[in-house]
1. Inside region B:44-71, can you point out the residues that are more than 20 Å from the chain's Cα centre (by Cα) and either surrounded by 18 or more Cβ atoms within 10 Å (Cβ to Cβ) or in contact (Cβ under 8 Å) with a residue 60 or more places away in the chain (or both)?
2. Quick test of your reading of the structure: residue A:227 fulfils all but one of (1) touching a residue at least 60 places away in the same chain (Cβ under 8 Å); (2) within 14 Å of another protein chain (Cβ to nearest Cβ); (3) assigned to a helix (DSSP H, G or I). Name the failing condition by number.
3. Take the residues of region B:135-166 that are in a strand (DSSP E or B) and either of a type in the set (A, V, I, L, M, F, W, C) or within 17 Å of residue B:51 (Cα to Cα) (or both): which is farthest from the other protein chains (Cβ to nearest Cβ)?
4. From the list B:181, B:125, which residue is within 14 Å of chain A (Cβ to nearest Cβ), of a type in the set (Ser, Thr, Tyr) and either farther than 30 Å from residue A:180 by Cβ or touching a residue at least 24 places away in the same chain (Cβ under 8 Å) (or both)?
5. Only one residue in B:91, B:74 is more than 11 Å from chain A (Cβ to nearest Cβ), among the aliphatic types (A, V, I, L, M) and without any contact (Cβ under 8 Å) to a residue 60 or more places away in the chain, so which one is that?
6. Residues in region B:32-43: is at least one buried (at least 20 other Cβ atoms within 10 Å of the Cβ), among the β-branched types (Val, Ile, Thr) and either in contact with a helix residue (DSSP H, G or I) (Cβ under 6 Å, 6 or more places away or on another chain) or at pLDDT 85 or above (or both)?
7. Among the residues of region A:131-166, what is the count of those that are within 14 Å of chain B (Cβ to nearest Cβ) and among the polar types (S, T, N, Q)?
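The values are calculated or read from the model by the stated rules, or taken from the named source; none is laboratory data. Quick caveat, the model's predicted, so the values are computed rather than measured. Using ideal geometry, Cβ is built from the backbone for each residue, glycine included, and neighbour counts are taken over all protein chains shown.
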Amino acid sequence: MKCHIPSANVKVLGKAIQTLSRIGDELYIQPHADGIYFRTVDAQRSAFATFDFHRSFFLHYSSSSNQASSSQSQAQPEICKVAMKSCLSVFRTQNINVEMCKLFFSNNGRMLVFQLVCRHSICKTHHVPVIQTETLQANYNKSTARNKLITQSKLLIDALQNFRNNQDEITISVAASKMILRNFTETGEFMRNTVRTEFALESTEFDSLQIGVDATITFNLKELRALLSFAEACSLPVSGHFDNTPGRPIIFCVNNQPAFDAEIVLATMSSNDTTAFSQSQSMTSQRSVNDSVLRKRPSTSIDPSQSTQKRPTPAAPTTPQQPVLSQPPITPQIHTEIEEIQQLHWEDDEEEVGTPPELRAQKFYFPRCFKDSTDSMNTTQADAVVLAYDSDGESGK
Amino acid sequence: MKFRGKMTDAGAVRQLTNLASTLAKMKAASVTLRLSKDLSTFSMCEEAGSGVICWCALEQGQLFTELTLEGATAEHNQICMHLSPALVASALTSSKNALGVANSVKLKLTNKKSPCLTFQIDLPSIGLNPRTCIHDVPITLIPRSEWPLHEHPEVPIPNISIRVSSVKKVRTVIDRLRKLSSKLHIRASSNGDLCLRTETDAGTFATFFQHMPVIQSEDTNDGNVQTVSLWIDAKKIAQLLASDQLNTEYLTLGLIDDRMLHVILTQNDMHLHYLIAAISL
C-alpha cells in the first residue's frame, strides 16, 4: 500500500486520528481497493469508529493489489494495527508547512511509515511499528434505522454544553417532533451530588429530523463529543441513525463524499424500565448483542488471550454504586448469541440426585467440610507436620 | 412550602452566577440559601456547627420579576436549604448559548424523588419555540430548629473602615506577603493609611497604601490619628480574594482592634461579607 496525501487533507487526516484517539487506543489501518479504512474500537467494545478515505482524498493511491510484488504480499492487503499514541504524535504539531504526506509500509510490512514532506525541503519521517496484522469489522446496518436526524454540529455542541464534562451518558428521547436530551442517572438511588439536566430541542432546529418511531436511547457521550469536534473542524453536518429496539446501536455519520466519510457506532442501553433488575437485564442483553455485532477477525496470528477475553459491560458508568451492572447474572431469557461469557454453572449433578440445590452448591464450594476427616485418628503423617507456627504466640503484639 | 421565581434580567442572572462561582471556589462544603419575601441570603459556615462566616444577601426585587413564596409556616415565612454552589454555578452557565442570553430563568422548589431546586432556562433558538433547559439541583431542606445556626451574626461596628478600590494590587501584595509568612498584620489609620506587614526571621516586610478613603472611624476629640491593627491568617484572606469571581468594584475592610476583620466585596449592589478572626502571635 502506498499513498500520497495533499497538504489540505493532511489536516483532515490529523483531525480524524485525533478523533479516533479519543475513542480507542489502537488504530486499525485497512487499505482496500478504493481507499483506506482507519478504524478503532474502545476497550469495552461499546464504541466503534471508522473513517473511510476514498481514492479522491489522495493525490496518489495504490493498494498492494496493484503492485507487482512477490506472491506473499499480493495475496492479502497490508492491514495492520498500530498504537494510537504513535500516530497521534505524527500529527501533533500544527504542520502548516506540510506539502504532502506519504504513507506506506516498510520492512516487509512490519513498519508503517508516515513521511511528511514539508516546505524548504524538510522531510519528517515517522516509523510506527506494526503491532499485529488484524482486521476490525462491525456488523451493523444503518439503513434499517427508523429514526434519522441531520444537523449541523454546532447545534449538538451547543446542546451538549449544558451537560457537564463528567457526565458520561446521555439519554435522548424523540417523540412528536421534539428531541429531549437528558443526562443519565442511576434510577436505583438518586445521586445527591449530580444535577439532573433536561434539554429540549424542536425538530425545526435540525436540518432534518425524521421520527419513524418514538424512541428513548442511552449512550456514551465521550465518543459523540469527539465526532462533533471533528465535524465542526471540517464544517460538515452530522447525521444520526437509531431505532427503538433495545440494544440496537446508534450510528453517527459525517459524510464528505466523494473524499471521505466517517461513522461511529455507539452501543446503547434501552432505558425504558426504571428498576435495577431490568437494568441489569438490558445490560446483559446489550453486552451479548455487542458481542455479535463486533467480531474481530484476525487474519494471521491470533492472540488467543484477546479472543477469550471476558468482555466487560459496555458503557457502564464507573461509579461504585453500581454493583449490579458489573457482574449481572445470566438469566435464561437471554437467548441472543453469546460468545465466551463465563457463566456460573449450576448444572444438575447426576450423582447426587435428591440433594437440595443449596446443599449441592455448598458441596461444590466447601467439599472438605462435608468429609468425615476431623477426628485425629484420620490425620496422616503429612498433617502432623507443622508447617507454620501460630503467629499469635510469636511476636508480642 | 412553595417557591417560584422568574428572572428576566440578564444582569441579575450574571450576578447570581458570579456569586455561585465565588462561593464554589471557596470550597465550602455546604452553603445555605435562605429565601424570604425580601431577601435571598447565601451563607456559609467554616465548619459544620460553627457560626456563619460568610454571607451575601440579594434583594428579591432585583433578582426576580415574579416571585411566589410560601415558607415553612405563616410566621416564619422562609425556606432554608443546603445546596452546593458549584452545581448552581454550572446550572446557571447554561443561561448563555451561542445565540445569545436566556430569555428567562425560572427557579422552582420541586420534589422529584428528593427536594430539588429546579432551574428552567429558556434559551433563544433557530426554530420557532425557544429551547428549554431544565436543571434539577439536589438540595437538603433545613429543619426550623436549625435555622438560628445559619443566621448571619450581628457584626459589631468596626473601629475603622477603609475602602480599597485597587483590589488587584492589594491581592497581589497579600499573595506575595503570604509566601513569606503565614501571619499577616493589618493596620489602618483614620487618616487613610493602610499597612500590610509580615515578620519573618529574615526581616519585616511591609507595604503602605496611602490616601485610602475612610468610610468610618471613631471620633477622637483630640484630633489624633487613630490606628487599629490586628494579626490574621494570611491564607484566609488570600483564598477569599483568589475565589473572587464577582468583578469586585471595591473592598471594604472593617477592622475591630485585635478581634476581627470584616471584609466586604462589593459589586453593583451586591455585598459579600466575610469575617476573619484575629489570631494571636
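1. Kept after step one, since they are more than 20 Å from the chain's Cα centre (by Cα), are these residues of region B:44-71: B:65-71.
Result: B:66, B:67, B:68, B:69, B:70, B:71.
2. (2)
3. Going through region B:135-166, the residues in a strand (DSSP E or B) turn out to be B:135-138, B:140-141, B:160-164.
Now drop any that are not either of a type in the set (A, V, I, L, M, F, W, C) or within 17 Å of residue B:51 (Cα to Cα) (or both), which leaves B:137, B:141, B:160, B:162, B:164.
On the way: B:137: 5, B:141: 13, B:160: 42, B:162: 40, B:164: 36 Å.
Among those that are in a strand (DSSP E or B) and either of a type in the set (A, V, I, L, M, F, W, C) or within 17 Å of residue B:51 (Cα to Cα) (or both), it is B:160.
4. Values: B:181 fails: within 14 Å of chain A (Cβ to nearest Cβ).
Answer to the selection: B:125.
5. Working: B:91 fails: more than 11 Å from chain A (Cβ to nearest Cβ).
Unique residue meeting the criteria: B:74.
6. Yes, some residue in region B:32-43 is buried (at least 20 other Cβ atoms within 10 Å of the Cβ), among the β-branched types (Val, Ile, Thr) and either in contact with a helix residue (DSSP H, G or I) (Cβ under 6 Å, 6 or more places away or on another chain) or at pLDDT 85 or above (or both).
7. Qualifying residue count for the region: 7.
Rundown of residues vs (1) among the polar types (S, T, N, Q); (2) within 11 Å of the chain's Cα centre (by Cα); (3) assigned to a strand (DSSP E or B), yes/no style:
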{"residue": "A:11", "(1), (2), (3)": "no, no, no"}
{"residue": "A:14", "(1), (2), (3)": "no, no, no"}
{"residue": "A:29", "(1), (2), (3)": "no, no, yes"}
{"residue": "A:50", "(1), (2), (3)": "yes, no, yes"}
